[in-house]
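The values are calculated or read from the model by the stated rules, or taken from the named source; none is laboratory data. Source: prediction; values computed, not measured. Cβ placement follows ideal geometry from the backbone for every residue including glycine, while neighbour counts extend to all protein chains displayed. Heavy atoms of the whole protein, side chains included, go into the accessibility calculation; ligands, DNA and RNA do not. Shrake-Rupley method; radii C 1.70, N 1.55, O 1.52, S 1.80 Å.
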Amino acid sequence: MAVRRQPTLRDVAAAAGVAVSTASRALTRPGRVNANTADRVVAVAKELGYIPSASARALLSGRTATVALVLPDVTNPFFFGLVRGTGARLRESGYVQVLADTEESAEVELDTLRKLRGQVDGAVLAASRLSDEQIGAAAADLALVVVNRTIPGTPGVLLDTAGGMVQALEHLASSGHTRVAYASGPATSWSDRRRREALEPAAVRLGVELVVLGPYAPLRASGAQAADAATDAGVTAVIAFNDLLAFGVLERLDARGIAVPERMSVIGCDDIFGADLVRPALTTVASPVEQAGRMAADLLLARLEGGRSGDEDGDGFDEPAVSARDAAFPVMLPTRLIVRSSTGAAG
């Protein structure tokens, strides 16, 4: 039995008695052809069961219905919620999400953004390692929304991890810690700089001596080096750039026989999967990452086709109405400290 082939645009044009270009305009921009002709072409297309390919739609409309989520490390569990949040929101609006992993490299990130031009309608850029100038230049050629970054003229979503770090330091100070280490993240991390800028005056206010260690890659494997440095610095507590780094710190302290929290308190950031499963359970700064993903997608959709509002996802939080004008300003989402077993009174 012969398999019937999928009808093409040329078949539609021939059956409707028009040129291929006319059939194309009738199906994608009907206002640019005679109304009767457009109606005839649409009727023929339906009769034949014509479905334009994605590449054809992109060529004809100038849109790909595809959005990129650009991440510095797709294996970092922190970004899982962001992937879910952006993906769900974009899917609701008929877009496909693709992931790009830049491997914690500014050079790879910049090259990725260049290659995405013309391949996607826009991109959500999370925890970028690029300079403000580089992001601004990329935003001139591609619709961008940034997460955990503020770029003049570029919409973005901020997780207040800097405020969360201050909460962490206040918690330690209230437990009698007077010499605390901050195990910093990548040197190219904008969020890391923002956290240090918040911690330093907070330490002065609280009467705590802050020792900045690092920079460290935000990986579990870097934790051993950070733990050794903290021990050598004579601190009684460590605030780590992220939970993965904190996991490595806990592992190394255990190997050295340094009891947590009796001799050293440890705090992470992100509240990733496993933070409550390690022993001792990790005190950490939690962020509404999935909500940030949804809002980042809304900001991008506002640039592409208009925004939305209301509690559309049923999570109990209203998503603010987003207009293209409002999207020029960053949205700040609060964080909170979750106290578990890895912190205690100063030893």
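Looking at this structure, is Phe273 over 24 Å from Ser131 (Cβ atoms) and under 25 Å from the mean Cα position of the chain (by Cα)? Here the answer is yes, as Phe273 does meet what is asked. Note on region 181-261: enclosed helices (runs of 4 or more DSSP H) holding 3 or more residues that are under 21 Å from the mean Cα position of the chain (by Cα) and under 25 Å from Val147 (Cβ atoms) are 190-206, 243-255. Per this entry, Val285 is not counted among residues that are under 18 Å from Thr231 (Cβ atoms) and not in a loop (DSSP other than H, G, I, E, B). Would you point out which residue out of Gly234, Gly214, Gly223, Gly185 is surrounded by fewer than 18 Cβ atoms within 10 Å (Cβ to Cβ) and in contact (Cβ under 8 Å) with a residue 12 or more places away in the chain? Result: Gly234 is the single residue among Gly234, Gly214, Gly223, Gly185 that is surrounded by fewer than 18 Cβ atoms within 10 Å (Cβ to Cβ) and in contact (Cβ under 8 Å) with a residue 12 or more places away in the chain. With respect to the stated conditions, Ala275 fails to be at pLDDT below 95 and aliphatic (A, V, I, L, M). Going residue by residue through region 101-108, is there one that turns out to be in contact (Cβ under 8 Å) with a residue 12 or more places away in the chain, among the polar types (S, T, N, Q) and not in a loop (DSSP other than H, G, I, E, B)? For region 101-108, residues in contact (Cβ under 8 Å) with a residue 12 or more places away in the chain, among the polar types (S, T, N, Q) and not in a loop (DSSP other than H, G, I, E, B): absent.
Considered as a group, the residues in region 109-140 that are in contact (Cβ under 8 Å) with a residue 40 or more places away in the chain and polar (S, T, N, Q) include one that is farthest from Val289 (Cα to Cα), and that residue is Gln119.
A residue that is in contact with a Lys or Arg (Cβ under 8 Å, 6 or more places away or on another chain) and aromatic (Phe, Trp, Tyr) cannot be found anywhere in region 254-277.
Rundown of residues vs (1) in contact with a Gly (Cβ under 8 Å, 6 or more places away or on another chain); (2) open to solvent by less than 40 Å² (accessible area, probe 1.4 Å); (3) over 30 Å from Val260 (Cβ atoms); (4) at pLDDT 95 or above, yes/no style:
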position	(1), (2), (3), (4)
Leu110	no, yes, yes, yes
Arg117	no, no, yes, no
Val145	yes, yes, yes, yes
Glu197	no, no, no, yes
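If I ask for residues that are farther than 16 Å from Ala286 by Cα and open to solvent by less than 40 Å² (accessible area, probe 1.4 Å), which ones from region 159-180 would you list? Passing the criteria: Leu172, Ala173, Ser175, His177, Val180.
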